[in-house]
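No lab work stands behind these numbers, since they all come straight from the coordinates. Predicted model, so just to flag it, every value in this text is computed and none were measured.
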Amino acid sequence: MSETYIRSSASRPRRRNRLLLVLFTLIVLAVLLLGVDRGAAWLVGQQQAEQLQRDFGMSQTPEVTFDGFPFLTQMIAGNFERVEVHADELTVAAGEQQFTLQDTDLELLDVRGITEPVATQLNGTGVLDWNSVASLVGAPVSYAGSDAAGTGRIQVDYTAQVFGSAVTATVIGTPMLDPEAQTLTLGEAQVSVAGYELPEAVSNQLINQFAGDIPLSLPLNLKVDELSAESAGMNVAISGSEVNFSGN
């Protein structure tokens, strides 16, 4: 009886050692697989960043991050749950117009494809520079916030022919968005010509003529959800569906 007891007791440490060895091996394999998966995600992210830099003519390579685990199964399927893109400067074209977004953060959901990616949904934020805003408005635009009265307001300089002479009317107002119509208007607008503020009746007529609803037309079927003015440009929140990045 004692001999049998000794053998059974000695076998327990060996079984524990084997279990520990198996557990250790599984942990090592899991770590290796995780490393391979994350390494593949980083490599593809770098490739996509370089492609975006070429396609959009960026001066710097953007940051592209693939979320979701495991990445390799998503890559094999050609469908990615979530992709994040950060670019210091992103320039996109719409016909003959170009739009530049500074400090851009994009969230792409349900992205199909790698070489010609299409995002089912895009959400993002950025700063639309004043040249791009001017392209949208069709007239020179600048920030009017040199003092407290101009904070959050913009200045638009319209030129029109009056009795055969070119007259520049300066309109200063708060940018207001109609998200459904995708139009920009200037609230609490003030109009001046040659530095003189006009009477309210005349001012209202010019506001209706110059500062009516300004259509917003962004490329890639993107829409503006929110906007506000700051010295660097127009802060915008944008979104879009079925965004095809290969269309540039």
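Worth a mention:
- In sequence order, calculated HN-Hα J values of region 152-159 (Karplus, 6.51, -1.76, 1.60; Hz; x Gly/Pro): x, 10, 10, 10, 10, 9, 9, 10
- Here the Karplus relation 6.51 cos²θ - 1.76 cosθ + 1.60, evaluated at θ = phi - 60°, turns the backbone of region 65-78 into coupling constants of 10, 9, 9, x, 9, x, 6, 4, 5, 5, 5, 5, 6, x Hz, with x for every Gly and Pro.
- For region 79-90, putting each phi into the Karplus relation 6.51 cos²θ - 1.76 cosθ + 1.60 with θ = phi - 60° gives couplings of 9, 10, 4, 8, 10, 10, 10, 10, 9, 5, 8, 10 Hz, in residue order, rounded to whole numbers and with x for Gly and Pro.
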